[in-house]
Amino acid sequence: DNGICKLKTYGSTLGNPGKAGFGGVVHDSNGAWVVGYLGSCGITTNTHTELHAIYHGLSILWLEGI
């Protein structure tokens with residue numbers, strides 16, 4: 001393991017704006033699952049939802065010391 005991780009994020013809305021949710025997963029350099037997350041954004045735009053997914057993913061990485 002070389003200490004490199006990959007963060008994959010996803011956000012989705014039902015309409016734009018609409019009900020929104022997001023999620024993501026972190027894999028290590030070997031492709032093994034490290035951590036995953038999901039959440040709701042209430043009613044918002046698709047761009048805001050995608051940014052929410054990235055923000056939460058980076059926050060988790062920071063808190064986990066990754």
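A few remarks follow.
Residue-wise test of (1) of a type in the set (Val, Ile, Thr); (2) within 21 Å of GLY65 (Cβ to Cβ); (3) part of a strand (DSSP E or B); (4) modelled with pLDDT under 95.
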site: ASN2; (1), (2), (3), (4): no, yes, no, yes
site: TYR10; (1), (2), (3), (4): no, no, yes, no
site: PHE22; (1), (2), (3), (4): no, no, yes, no
site: ASN30; (1), (2), (3), (4): no, yes, no, yes
site: GLY36; (1), (2), (3), (4): no, yes, yes, no
site: SER40; (1), (2), (3), (4): no, no, yes, no
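- So THR44, is it modelled with pLDDT of 95 or more, touching a His at 6+ places or on another chain (Cβ under 9 Å), of a type in the set (S, T, N, Q) and open to solvent by less than 40 Å² (accessible area, probe 1.4 Å): yes
- Test: residue in the stretch 59-66 that is modelled with pLDDT of 95 or more, more than 14 Å from the chain's Cα centre (by Cα) and among the charged types (D, E, K, R): no
- Residues located in the stretch 26-41, provided they are open to solvent by 40 Å² or more (accessible area, probe 1.4 Å), aliphatic (A, V, I, L, M) and touching a strand residue (DSSP E or B) at 6+ places or on another chain (Cβ under 7 Å): VAL34, LEU38
- Lone unmet requirement of (1) surrounded by fewer than 16 Cβ atoms within 10 Å (Cβ to Cβ); (2) within 12 Å of the chain's Cα centre (by Cα) for THR49: (1)
The values are calculated or read from the model by the stated rules, or taken from the named source; none is laboratory data. Not measured: the values here are computed from a predicted model. Here the Cβ is made from the backbone with ideal geometry for all residues, glycine too, and neighbour counts use every protein chain on show. In case anyone asks, the SASA skips ligands and DNA or RNA and just uses the protein heavy atoms, side chains included. Shrake-Rupley method; radii C 1.70, N 1.55, O 1.52, S 1.80 Å.
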